[in-house]
Each structure stands twice: as C-alpha cells, then as structure tokens.
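Nothing in this text is a laboratory measurement; each read-out follows from the coordinates by a stated rule. Predicted, not measured: the structure shown is a model, and the values here were computed from it. Cβ coordinates were reconstructed from backbone atoms using ideal geometry, including for glycine residues, and neighbour counts include every protein chain displayed.
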C-alpha cells in the first residue's frame, strides 16, 4: 500500500515537495549481495566528450539483477522482502525459492511478505505468478509482458501500469492484449506475463521540490531553446522575450520535436488490432 506525503514549506527545498511512502525497506533495507552489480559510470560521454545531453553526476548506485524471464517453472518461492531500486520507479520483491536460489522480480500492487509465488503453465492465477497468455483468463490485468517467448518481459514494467488480456483470436495462436497506451495488440499465446498491476501507482504525483534531488538522479540542467543563440537552437534569437518564431517546435538539430511517427509500419502493423491514443 502506497500513499503520498506532503511537506510544509519550512524551507525552499521543502516547498511543494511530495514523496511516495511505501512499506519498502521495513523488513530488508540492504540489497542481496549475490544479485547486485557495480555500474561503471560514464553517462553520456564517449572519450570524455558529451554525446548525450543532460546526463552526468548523480549518486553512486548498484544495479540489481531482475528476473524478467521467470523461467524457473514449477518451483515455489517465498517473498522474503520488498526493496527500493534506484534504477527504476518500481519496488523489487526478493524471492527465496525452495531450492535455496534467490531472485528479484518487479513488485506488483498487493504483494505481501511471506506470499508464495510460482511460474509456469500450471501456476494458479494469483498476483505475482507468471503464466503464458494462453492460460490467463480474459479481463485479467498483467505486467512484465514478453514480446518474444523466452526472451523475458519487455513491456509494461513501469510504476502503476498494467495491461489487460482481452481474449484469444480465432486461430488460438495469438492473444489480444490492451496495453497501457490504449493500443490493442496481438501477442503469441506462449508469451509469459505476470499477474497483477505494478506497485508505486502514485509515483507520477511525486514532486522533487528542489534541483538537487534531480542532480542526484544523474540529470543535468536543460536550457530552453528560446534562451539560446540562433546558432545554438532553432528557437533562439529575437529581441527580448519572444516566442519560438515557427509554427512547430524543433529539436536543436532542426527536426520536428513531436508529432512524427517513428514506428516501422511493415514490421508491426500486422499485430495491431487498435492503434494507440493520439
């Protein structure tokens, strides 16, 4: 269960600050040492030169190896703890399998410490269990959805999101799934998915409150295009405060900033049932 905590404006950094309060860390605060990897940081740099803007600095952190594949079929696991992950906006659940192995998974809403989870075609439809789409009933919400069977979950992995299984097609080879964008797409019935909606649903309502918290995340400042020189940005130049001077916003390299479709139609249109909302 998550809730939002609002702060009184006792200082400029506290004014407007909103954080997410969860049960994470009350049982297990330190990450599992066998499942963490040190990240060598060189964000947005190649040979010391900036290749990606607005990246740099940030707090030192470890990467947690998350089990997106859930290929350990037929072996039950107990939830040992819920942990914070600095690399994503979703909390992690530490699974302790009956054979002694430990793995991290994305923690769905409603998952509790001590619950037993299972993966495979014979697993019951219960929050946190992983099943093929062919075994999931219509109307059930899922996350960590595979695109290619056996490749691991690629879609629906952000805080508070869930996809809805709508049912099988006439051939029985594909399953219709409504994604969080509203798009309805066909997936192979053998693709794995995890039951439930992901936790930390209130994350989108959080507010950092001060610039320092954003710098701790490794995000450097962004300068508005209209505040730059005309040589540096298409929006730049002009006398005093002025608009962008063009009908459509542009990137620093002169491309349209939004409204351009980048999907390769020939590869994905055959699996589309309903296009996403505009």
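How much length, in nm to one decimal, is gained on full extension between residue 171 and residue 186, taken as 0.36 nm per residue of separation minus their Cα-Cα distance?
Working: separation 15, 0.36 × 15 = 5.40 nm, distance 1.18 nm.
Fully extending the segment from residue 171 to residue 186 adds 4.2 nm.
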| Which distance in nm do the two modelled labels at residue 96 and residue 45 give, with both placed 7 Å along the Cα-to-Cβ direction? | 4.1 nm
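Under the rule of -39500 (n - 2.57) per DSSP H run of 4 or more residues, summed and divided by the residues of the chain, what mean residue ellipticity at 222 nm is obtained, to the nearest 500 deg cm²/dmol?
Computed ellipticity for the chain at 222 nm equals -500 deg cm²/dmol.
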| said: Cβ neighbours within 10 Å, averaged per peptide: list 74-83, 245-254, 109-118, 29-38 in order, most packed at the top. | reply: 74-83, 109-118, 29-38, 245-254
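Expressed as a rounded percentage, what relative contact order does the range 3-204 have, with Cα pairs under 8 Å and six or more residues apart? Intermediate values should be presented prior to the final figure.
Details: 454 pairs, mean separation 35.5, N = 202.
It rounds to 18 percent for the range 3-204.
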| task | Rank 171, 181, 137 by mean-square fluctuation in a GNM of the chain with C-alpha springs under 10 angstrom and give only the top-ranked residue. | result | 171
| request: Please identify, among 198, 166, 106, the residue showing maximal mean-square fluctuation in a Gaussian network model of the chain using a 10 angstrom Cα cutoff. | output: 166
| request: Report the FRET efficiency, 1/(1 + (r/R0)^6), for residue 18 and residue 54, where r is their Cβ-Cβ distance and R0 is 22 Å, rounded to 0.05. | output: 0.45
| query | Taking the mean number of other Cβ atoms within 10 Å as a proxy for protection, how do you rank 91-100, 8-17 from highest to lowest? | reply | 91-100, 8-17
| message | For a Förster distance of 45 Å, can you work out the FRET efficiency between the beta-carbons of residue 115 and residue 224, rounded to the nearest 0.05? | response | 0.40
| task | Please identify, among 127, 195, 244, the residue showing maximal mean-square fluctuation in a Gaussian network model of the chain using a 10 angstrom Cα cutoff. | result | 244
| said: Using alpha carbons only, how many angstrom separate the centre of the range 108-167 from the centre of the range 1-79? | reply: 22 Å
| Inter-label distance for residue 215 and residue 125, nm, one decimal - labels placed 7 Å from Cα along Cα-to-Cβ | 5.1 nm
| task | Mind sorting out which of (i) 21.8; (ii) 19.3; (iii) 19.8 is the real Kirkwood radius over Cα pairs in Å computed from the coordinates? | result | (i)
| query | So for the pair residue 29, residue 274, with labels modelled 7 Å out along Cα→Cβ, what separation do we get in nm? | reply | 4.7 nm
